[in-house]
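Read-outs throughout are calculated quantities, based only on the coordinates presented, and are distinct from any laboratory measurement. What you see is a predicted model; the values in this text were computed from it and never measured. Positions of Cβ are backbone-derived with ideal geometry, glycine not excepted, and every protein chain shown enters the neighbour counts.
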Amino acid sequence: MVPDMARQSITLIGGGLVGALLAMQLAQRGFAVDVFEKRPDPRHAGFLGGRSINLALAERGLQALRIAGLAEDVLQRAVMMRGRMVHDRDGNSGMQRYGVDDSEVIWSVSRGALNILLLDAAEAAGVTLHFGQSLIAADFEHQRVRLADADGSERDLAVNLLIGADGAGSALRAAMNAYSALGERVESLGHSYKELEIPPAGELPAALQQLGGGRDQYALEPHALHIWPRGGYMCIALPNTEGSFTVTLFLPTRGTGPSFSALPDSAAAAAFFSEQFPGLLPLLPRFSEDYDNNPVGTLSTLYLDRWHLDGRALLIGDAAHAIVPFHGQGMNCGFEDTVELANLMAAAPDDSADVFAEFQRMRQPNADAIATMAIENYIEMRDSVADPHYLAKRELGALLAQRLPRHYMARYRLVSFTHVPYAYALERGRAQDALLEQLLRHASRVADIDLDAAAALFESSLPPLPILRHG
Ligand code: FAD
Ligand code: E0Q
């Protein structure tokens, strides 16, 4: 690059997970990047009032972090999860492995710690961060935005390229949509969530401290994502490095059965928990405070016809395609977005209209596919993980995966442990599922199935999988 050549300048709205990682990569590729983030600097202010919230990082997100040179740092602060531990009403639990071995695991990471790491990395790469700066309006005719600081005082700023990584409730999206309709559609799931916390075992009554099998300081098996599926609702728990777990209750927002509106306070909710989650409640010593103080979050899927306003403004991450969290892929998908966009921008730095259009062309079919799979995984999680037919399919799938690694790979594994496009995983998963159903129609027990015939059916019906192994 010519040293004194003016670098394209980019104004990024939102310094969350996707914004920070995108900013870093754009700076690495020579762009001048300013990030405006609504919240105060988490490195000084303390993150989210000190609540620890975590999320699952899988291969797609990890690959983006590798490309940015951050994977090692992140994994150092992550807890490995080998599978889901399913807890039934009677207090029995069983582990369902996610992959075939320990090369196929996912990672529980602290959202706050990850955000801080990404902000530090962005700054080190040359990004200028502005905290306590909320986008409140955009004038696309004159390429100006209006920002408000924490006291509400406002200022105008001239911008060149605008990118919105400001999350599901994106203010930039609202401004774009008001200027030129984006074809926005929000499908509410009708379910909401609330976070609770299982403290380290040492903080629980002595009688409960062996529940994790005496493992370290954890009250439950640390290397698992715990699920308490109950049909219309469920709880999950992900491990934190400090020995605690963050529990998330997913429940209908309103309705006559159990719902957040029917359980408005911790007194009502405690009675519900002691009936439906009797093994979990004793692990939640701060149940009442957590339930009464922590907010209820809503869950929906966002679809847009357009992610960009010609070459002037683009949406990325949740701002463009928020999904329900039941596959643990929202951040992973957003991280994949950042690599794609940074590469396209670097290849054609002066053609933002083409780059933004190409970005949407490449990513939207995949965002749509993971949106569909995330909703399907909810049904699977809350209803089926304990269902005999589902378990039989899993068992048959595992046998076929061993026997036919080039012709069968569970959809979960395609999504979580490979880089094949999400749209391919959805399509391949449908085709494989149809064959499994066909085989199980004639034999309800896996032991009754002729595996040679089953293998022949898969080989003759489906093309081989692409080369899947990552490095
Ligand atoms: P966000 O993380 O929402 O960041 C947006 C940023 O923009 C924030 O910092 C916000 O303060 C800022 N901002 C907002 N408005 C403005 C404004 N007007 N001006 C300036 N800044 C603004 N994904 C996974 O991959 N794995 C999981 O296990 C997982 N679990 C989840 C569990 C739950 C309960 C939920 C709700 C989501 C989960 N997700 C998970 C999804 C994941 O949280 C999101 O996909 C991810 O956070 C998207 O990142 P983002 O940067 O696009 O948006
Ligand atoms: C994962 C990892 C919030 C959340 C995050 C997740 C998962 C689930 C259920 C939920 C899906 C699974 N899953 O276990 O199949 O793999 O991230 Cl609810």
Most packed first (mean Cβ within 10 Å per residue), the peptides 262-273, 106-117 order as 106-117, 262-273
From DSSP H assignment alone, runs of 4+ in the chain each adding -39500 (n - 2.57), the sum over residues rounded to the nearest 500 puts [θ] at 222 nm at -11500 deg cm²/dmol
The whole-number value in µm²/s of the Stokes-Einstein translational diffusion coefficient for segment 275-421, with Rh from the Kirkwood sum over alpha carbon pairs at 10 °C and 1.306 mPa s, is 86
Diffing segment 244-249: the Karplus 3J(HN,Hα) column from phi (6.51, -1.76, 1.60, θ = phi - 60°), in whole Hz with x for Gly and Pro, holds 8, 10, 9, 9, 10, 8
To the nearest 20 debye, segment 116-160 has a Cα-centred charge dipole, built from +1 on Lys and Arg Cβ and -1 on Asp and Glu Cβ, of 80
Taking 93-105, 391-403 and ranking on average Cβ neighbours within 10 Å, highest first, one gets 391-403, 93-105
Taking Cα atoms only, helix 266-276 is inclined relative to the longest principal axis of the chain by an angle, in degrees rounded to 10, of 40
Relative contact order of segment 91-173 (C-alpha contacts under 8 Å, at least 6 apart) in percent is 16
The answer for Arg306, listing residues at least 5 apart or on another chain whose modeled amide H is closer than 5 Å to its amide H, is none
Burial-style ranking of 311-324, 59-72, average other-beta-carbon count within 10 Å with highest first, yields 311-324, 59-72
In terms of the charge dipole of segment 144-295, which places +1 on Lys and Arg and -1 on Asp and Glu at the beta carbon, the residue among Ala168, Ala262, Thr248 farthest towards the positive end is Ala168
Pseudo-spin-label distance Ala453 to Ser288, built 7 Å along Cα→Cβ, given in nm, is 6.2
To the nearest 20 debye, segment 48-120 has a Cα-centred charge dipole, built from +1 on Lys and Arg Cβ and -1 on Asp and Glu Cβ, of 240
So, with points 7 Å from each Cα along the Cβ direction, the Ala45-Ser266 label distance in nm works out to 2.6
Projected onto the charge dipole of the chain (unit charges on the beta-carbon of Lys, Arg, Asp and Glu, signs +1, +1, -1, -1), the Cα from Ser93, Pro239, Ala45 with the largest positive-side position is that of Ser93
Between the residues Ser274, Ile67, Leu440, the Cα farthest towards the positive end of the dipole of the chain, that dipole coming from +1 and -1 charges on the beta-carbon of Lys, Arg, Asp and Glu, is from Leu440
Given backbone amide H placed at 1.01 Å from N, residues whose amide H is under 5 Å from that of Met234, ignoring those fewer than 5 places away on the same chain, are Phe250
One can check that the equivalent ellipsoid of segment 185-331, built from the alpha-carbon gyration tensor with semi-axes equal to the square roots of five times its eigenvalues, has lengths in Å, largest first, of 33, 20, 12
Shape descriptors of segment 344-407 over alpha-carbon atoms, Rg and Dmax in angstrom, are 19.5, 56
Relative to the chain, whose Cα atoms define the longest principal axis, helix 111-124 and its Cα axis are tilted in degrees, nearest 10, by 30
Share of Cα-Cα pairs in segment 250-294 beyond 15 Å, whole percent, is 40
Plugging the Cβ-Cβ distance of Val100 and Ala32 into 1/(1 + (r/R0)^6) at R0 = 41 Å yields, to the nearest 0.05, a FRET efficiency of 0.35
So, relative contact order of the chain in percent, Cα under 8 Å, 6 or more apart, is 17
With bins of 5 Å, the percent of all Cα-Cα pairs of segment 79-205 per bin from 0 is 2, 7, 9, 12, 14, 13, 12, 10, 8, 7, 4, 1, 0
The long-range amide H neighbours of Leu161, using H built 1.01 Å from N in the peptide plane and a cut-off of under 5 Å, are Ser9, Thr11
Residue-ordered couplings for segment 297-306, obtained by feeding phi - 60° into the Karplus form 6.51 cos²θ - 1.76 cosθ + 1.60 and rounding to whole Hz (Gly and Pro as x), are x, 9, 10, 8, 10, 10, 10, 10, 6, 10
Nearest 10, in degrees from 0 to 90: the angle of helix 17-28 to the longest Cα principal axis of the chain is 50
Distance in Å, no decimals, from the C-alpha centre of segment 387-433 to the one of segment 311-332 is 24
Given unit charges at Cβ for Lys, Arg (+) and Asp, Glu (-), the dipole magnitude of the chain about its Cα centre in debye, nearest 20, is 620
A correct Kirkwood calculation over the Cα atoms of segment 53-115 returns a hydrodynamic radius in Å of 12.9
Yeah, segment 82-133 with a ≥ b ≥ c from its alpha-carbon gyration tensor (a/c under 1.5 is rounded, else prolate when a/b outruns b/c, oblate otherwise) is oblate
The Kirkwood hydrodynamic radius of the chain, taken as the inverse of the mean 1/r over all distinct Cα pairs, in Å, comes to 23.7
